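Trainee: Have a look at this one.
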2 protein chains.
Amino acid sequence: MATIKDVARAAGVSTATVSAVINDSAYVSAELRARVLSAVRDLNYAPSLAARNLKRGRSQLIALVVADLANPFFSRVVWAAEAAVAAWGYSLLIFNSDEKPELERRILARVRTLSCDGVILVPVGDSTEHLQNDPDGKPIPTVLFGRTVADDRSDTVTIDNISAGRQATEYLLDLGHTRLGTITGPLHVTTGRGRLDGMLAAMRSRGLTLESRYIRSGEFREDAAYSVARSLLEQPARPTALYVASGLMALGVMRAVADLGLRCPGDISIASTDTIPGIGGLRPRLTRTEHPLVDMTNEAVRLLVDQIRRGGPAEPRNVVFQPSLVVGDSCAPVVAQSVAPPPTSAR
Amino acid sequence: MATIKDVARAAGVSTATVSAVINDSAYVSAELRARVLSAVRDLNYAPSLAARNLKRGRSQLIALVVADLANPFFSRVVWAAEAAVAAWGYSLLIFNSDEKPELERRILARVRTLSCDGVILVPVGDSTEHLQNDPDGKPIPTVLFGRTVADDRSDTVTIDNISAGRQATEYLLDLGHTRLGTITGPLHVTTGRGRLDGMLAAMRSRGLTLESRYIRSGEFREDAAYSVARSLLEQPARPTALYVASGLMALGVMRAVADLGLRCPGDISIASTDTIPGIGGLRPRLTRTEHPLVDMTNEAVRLLVDQIRRGGPAEPRNVVFQPSLVVGDSCAPVVAQSVAPPPTSAR
DNA sequence: CGAACCCAGCTAATCGATTAGTTGAGTTTT
DNA sequence: AAAACTCAACTAATCGATTAGCTGGGTTCG
C-alpha cells in the first residue's frame with residue numbers, strides 16, 4: 001500500500017500538502033493540486049484509516065448490537081441501518097448478543113476497543129452499567145433501540161408496545177371474541193412485557209380477563225412458538241382467538257394451526273405484532289400491528305450521529321413510535337365460529 | 001480514554017512492560033504483572049485498536065459485501081458470518097452493494113481504506129478488476145461467495161447451481177409433468193443462469209423443451225416474482241408445474257398462486273431452490289433444494305482467515321457445495337391434475 | 001523604502017500502540 | 001575474581017496520517 005509519503009515524493013511536495021489536497025482542508029495552488037491528484041491516481045493511494053483515526057480520535061465506525069441476528073425482524077434493522085449509516089458516511093459493524101447479557105458485555109468491551117464512534121444497542125438483560133464503563137472519560141455515544149432498560153441516560157428509540165398489544169386485542173374483541181389466548185415474548189424484556197400488558201389492559205377495560213392457561217411464552221422464536229401454540233390449542237375449550245406478540249412467532253403459530261388441522265380464521269382468529277419479510281406470503285394474510293421500522297432505524301442513526309457530532313449525550317431523548325393496525329383476513333367475527341364453547345379438544 | 005502511558009505511569013513501569021503484559025509477548029515478573037493488571041482495571045484501560053492496527057498493519061476487521069441485504073437469504077449469511085468471524089477473533093463489517101456494480105466499486109475502495117483484513121464478496125457485475133486495484137501491492141484477501149465472475153484468482157465458495165436446477169426439475173419430471181415453467185433469477189449472474197441451465201439440461205435429457213413463453217425472470221425479488229408469476233399463470237394453457245429459482249421469489253409465487261385462486265399442488269406444482277427463514281411457515285410445504293448455508297459461510301470464513309494468515313492468496317481454491325432436495329407437499333403427480341391440456345385461461 | 005502583512009507550502013510534533021535494541025543487576029564459567 | 005551470559009525491564013524508533021507553527025517570497029501601505 002502506498003503511503004502519504006510515497007505520494008508526497010512522487011508529486012514533489014510535502015505530506016502536509018498531500019493531506020491538504022485530500023481533505024480539502026487548506027488552499028493549495030491548482031498546479032500542485034493537480035500533481036498530487038495524479039500521483040494519488042498513479043499509486044492508487046488510499047489513506048489509511050488506522051492512521052487517520054489514531055490522529056483524529058474517531059473511526060467512522062458505528063456498531064449495531066442486536067439481540068438475535070437470526071430473527072428476521074433484526075435482519076431488517078440491519079438492512080435499514082446499513083443504508084442509514086452509509087448515508088452519513090459511516091460503516092456498520094454487526095454484533096449478535098444472542099440474548100446473552102454476558103456476551104453483550106464482551107461485545108461492548110470490544111466496541112470500545114475498536115474505538116467505534118457510536119453504538120446502536122438492542123439491550124439484553126436489565127442493566128446498562130457497562131455503558132458508563134469509563135470512570136473518568138465519556139461513555140461511547142449510544143442509542144438504545146427497541147427495548148429499554150431500567151435506569152438510563154441514553155437516547156432511546158422504541159415503539160409503544162402497550163399500544164400494539166392493545167390495538168391487536170381490541171380488534172379481536174371488536175369481532176366478538178371473549179376467550180382469547182396469547183403467545184408472548186420473554187416477559188423480562190419490554191417488548192414482551194409491554195405487549196402483554198397492552199392486551200391485559202384492553203381486556204380489563206371490557207371487563208374480561210385473560211386466563212393464565214391461555215398464556216404461553218414463545219420466547220420470540222419460531223420453533224418455541226410452534227410448540228407452545230400446539231399445546232395451547234390442543235387444550236379442551238381452546239381460545240377462539242390468539243394474539244401473537246411477534247412476526248417470527250406468528251409463522252410458528254400458523255404452522256402449528258395448519259398442522260393441527262385447524263382453519264384460520266374459520267376455527268381460530270389470529271392477530272400479531274410486527275412484520276418480517278416473508279410474512280406477506282402467508283395465507284391468510286395476517287392481521288397485525290406494524291412498526292415503522294425504517295423510520296425508527298433512521299431516527300436511531302440520526303440521534304446517534306447527532307450525539308457523535310456534539311461530542312457526548314445531551315439530555316436523553318426518548319422517541320416512541322406508534323404501531324399501526326394492518327387488517328388482513330386471519331380474523332373472523334366470533335359468530336362465524338362455533339358459537340357454543342366447544343369442550344372438545346382439537347382433533 | 002486511558003492510554004498505555006497512563007497505565008505505565010500508574011503502575012510505575014514502562015509502556016513496553018504494559019504491552020508485554022497485555023499481549024503476553026514477553027516474560028514479566030509476577031509482581032509487575034500484578035501491578036500492571038491492577039492499573040488496567042483501575043483505569044478501565046482498553047488498548048486502542050487504531051494505534052495497534054497502525055503498528056501491526058492489520059485491523060481485525062472482515063467485510064461482508066452482499067448483493068442484496070433485503071434478501072432474507074443474505075440475512076442468514078450475515079447471521080452465520082457474524083458467528084464464524086467472531087469465533088476467529090474478527091469483527092464483521094456489513095455492506096450492501098444492492099446489485100449495483102458502481103456501488104460495489106465504491107464499497108471495495110472503502111474496505112481498502114478501512115484496511116480490512118479480508119473481504120467476503122458476493123460479486124455483482126462481471127468483473128473483479130477492482131480486486132487487484134493495487135498495482136504494486138498485494139490485493140486484499142478475498143473470498144467470492146455464492147456467485148463467480150469470469151476471470152478470477154480468488155478463492156470461491158459456491159453451490160452447484162446446475163445441479164440445483166436439475167434436481168428440482170427432475171423431481172417435477174418424475175411426477176409426470178411435461179409442460180413446465182420457471183421463474184428465473186437474473187441470467188447474468190451465475191446463480192440465475194446456472195439454475196436455468198440445470199433445468200434445461202434435465203428437460204433436454206428427456207427430450208423435452210422449455211417453451212420460452214413459460215420462462216420469466218423474477219430478478220430474485222419477491223415483488224417481481226409475484227407479478228411475473230401472475231402473468232405467466234394467466235396465460236392460456238398454463239404450465240402444470242413451476243420451478244422457482246429462489247426462496248424469496250417462491251414466496252411471491254405462492255402469493256400469486258393464492259391470489260389467482262389456484263390451488264397448490266392441486267392446480268399447479270411448485271418446486272424451488274434455496275431456503276429462507278419464513279418459508280417453513282408456508283403451507284403447502286415447498287419442495288425445494290437447500291444449500292448448506294451455514295457450512296458454506298463457515299468455509300468461506302475459514303478460507304479467508306487462512307489467506308490472511310499466510311499473507312496472500314495461495315493458488316485459488318474453489319469449493320462447490322451440493323444442494324439437496326427437500327420434499328414437501330407442493331408438488332403432485334400430473335395424473336392428479338387435469339389430464340387433458342386445458343386451453344382455458346386461469347380463472 | 002522599509003515595516004507590516006499575507007499566504008502557499010514546508011517542517012516536525014503528535015496520536016497510542018509495538019518492538020528492536022540497550023542497560024544493568026544477578027548468575028555462571030573458568 | 002574477571003569474563004561471559006541471562007534476562008527483566010527500559011528507551012526510543014516506528015507505523016501513516018493530521019496539524020500547529022514556521023518560512024520566505026510577494027503585496028500593501030505609511
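Trainee: Return yes when residue A:104 is open to solvent by 30 Å² or more (accessible area, probe 1.4 Å), more than 7 Å from every other protein chain (Cβ to nearest Cβ) and acidic (Asp, Glu) and no when it is not.
Mentor: The answer is no for residue A:104.
Trainee: Now a separate question. Could you tell me which residue of the range B:268-297 is nearest to the other protein chains (Cβ to nearest Cβ), considering only residues that are surrounded by fewer than 18 Cβ atoms within 10 Å (Cβ to Cβ) and modelled with pLDDT of 90 or more?
Mentor: Of everything passing the filter in the range B:268-297, B:294 is nearest to the other protein chains (Cβ to nearest Cβ).
Trainee: Just to be sure, is residue A:57 within 16 Å of DNA strand C (Cβ to nearest atom), at the interface with chain B (Cβ under 9 Å from one of its Cβ atoms) and either within 30 Å of residue B:76 (Cα to Cα) or of a type in the set (Gly, Ala, Ser) (or both)?
Mentor: Judged against the criteria, residue A:57 is a match.
Every residue, every condition in (1) of a type in the set (Phe, Trp, Tyr); (2) outside any helix (DSSP H, G or I), yes or no:
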| position | (1), (2) |
| --- | --- |
| B:26 | no, yes |
| B:31 | no, no |
| B:45 | yes, yes |
| B:53 | no, no |
| B:62 | no, yes |
| B:65 | no, yes |
| B:68 | no, yes |
| B:76 | no, no |
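Trainee: So, one more: Evaluate the range B:124-143: report whether one residue or more is modelled with pLDDT of 90 or more and more than 14 Å from every other protein chain (Cβ to nearest Cβ).
Mentor: Looking for residues that are modelled with pLDDT of 90 or more and more than 14 Å from every other protein chain (Cβ to nearest Cβ), one finds at least one in the range B:124-143, hence yes.
Trainee: Another question, if that's okay. Testing residue A:70 on (1) within 30 Å of residue A:125 (Cα to Cα); (2) facing chain B (nearest Cβ under 8 Å); (3) within 14 Å of DNA strand D (Cβ to nearest atom), one condition comes back false. Which one is that?
Mentor: For residue A:70, the failing item is (3).
Trainee: Does residue B:98 satisfy being of a type in the set (D, E, K, R), within 16 Å of DNA strand C (Cβ to nearest atom), facing another protein chain (nearest Cβ under 9 Å) and surrounded by fewer than 23 Cβ atoms within 10 Å (Cβ to Cβ)?
Mentor: no
Table: residues versus (1) over 28 Å from residue A:159 (Cα atoms); (2) within 14 Å of chain B (Cβ to nearest Cβ).
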residue	(1), (2)
A:210	no, no
A:221	no, yes
A:235	yes, no
A:240	no, no
A:246	no, yes
A:259	yes, yes
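Trainee: Further question on the same structure: Among the residues of the range B:37-52, write down those that are more than 9 Å from DNA strand D (Cβ to nearest atom), closer than 24 Å to residue B:89 by Cα and not charged (D, E, K, R).
Mentor: If the condition is that a residue be more than 9 Å from DNA strand D (Cβ to nearest atom), closer than 24 Å to residue B:89 by Cα and not charged (D, E, K, R), then B:37, B:40, B:44, B:45, B:46, B:47, B:48, B:49 are the ones that fit.
Trainee: Scanning for something out of contact with any helix residue (DSSP H, G or I) (no Cβ under 7 Å at 6 or more places or on another chain) and surrounded by fewer than 23 Cβ atoms within 10 Å (Cβ to Cβ), does the range A:248-258 turn up at least one residue?
Mentor: yes
Trainee: When residues of the range B:1-16 are filtered for being within 11 Å of DNA strand D (Cβ to nearest atom) and in contact with a Phe, Trp or Tyr (Cβ under 9 Å, 6 or more places away or on another chain), how many remain?
Mentor: Selection size over the range B:1-16: 1.
Trainee: Of the residues A:59, A:19, A:97, only one is closer than 26 Å to residue A:299 by Cα and within 16 Å of DNA strand D (Cβ to nearest atom); which?
Mentor: After ruling out the rest, the residue left standing is A:59.
Trainee: With respect to residue B:238, is the statement that it is out of contact with any helix residue (DSSP H, G or I) (no Cβ under 6 Å at 6 or more places or on another chain), outside the structural domain of residue B:74 (by TED's automatic domain parsing) and closer than 19 Å to residue B:331 by Cβ true?
Mentor: Taking the combined requirement at face value, the residue satisfies it.
Trainee: Would you check if there is a residue in the range A:79-91 being surrounded by 21 or more Cβ atoms within 10 Å (Cβ to Cβ), among the aromatic types (Phe, Trp, Tyr) and within 9 Å of chain B (Cβ to nearest Cβ)?
Mentor: yes
Trainee: Going through A:208, A:233, A:173, A:196 one at a time, which residue ends up being free of Cβ contacts under 8 Å to residues at least 60 places away in the same chain, over 28 Å from residue A:74 (Cα atoms) and crowded, with 17+ Cβ neighbours inside 10 Å?
Mentor: A:173
Trainee: Go through the range A:2-24 and give me each residue that's outside any helix (DSSP H, G or I) and either within 8 Å of DNA strand C (Cβ to nearest atom) or touching a helix residue (DSSP H, G or I) at 6+ places or on another chain (Cβ under 8 Å) (or both).
Mentor: A:2, A:12, A:13, A:14
Trainee: Can you tell me which condition residue B:300 does not meet? The list is (1) crowded, with 21+ Cβ neighbours inside 10 Å; (2) at pLDDT below 95, and all the others hold.
Mentor: Of everything listed in (1) crowded, with 21+ Cβ neighbours inside 10 Å; (2) at pLDDT below 95, residue B:300 misses just condition (2).
Trainee: Search the range B:26-47 for residues that are within 14 Å of chain A (Cβ to nearest Cβ) and pair each with any residue that is in a loop (DSSP other than H, G, I, E, B) and within 14 Å of DNA strand C (Cβ to nearest atom) when their beta-carbon atoms are under 7 Å apart and the residues are at least 6 apart or on different chains.
Mentor: Listed pairs, sorted by first residue: B:43/B:2; B:44/A:134; B:44/B:2; B:45/B:2.
Trainee: Among the residues of the range A:33-46, which ones are within 13 Å of DNA strand C (Cβ to nearest atom) and either open to solvent by less than 50 Å² (accessible area, probe 1.4 Å) or among the hydroxyl-bearing types (Ser, Thr, Tyr) (or both)?
Mentor: A:36, A:39
The values are calculated or read from the model by the stated rules, or taken from the named source; none is laboratory data. Given the structure is predicted, the values throughout are model-derived calculations rather than measurements. All Cβ positions, even for glycine, are placed from backbone atoms using ideal geometry, and neighbour counts span all protein chains on display. Note: areas computed on protein heavy atoms with side chains; ligands, DNA, RNA excluded. Shrake-Rupley method; radii C 1.70, N 1.55, O 1.52, S 1.80 Å.
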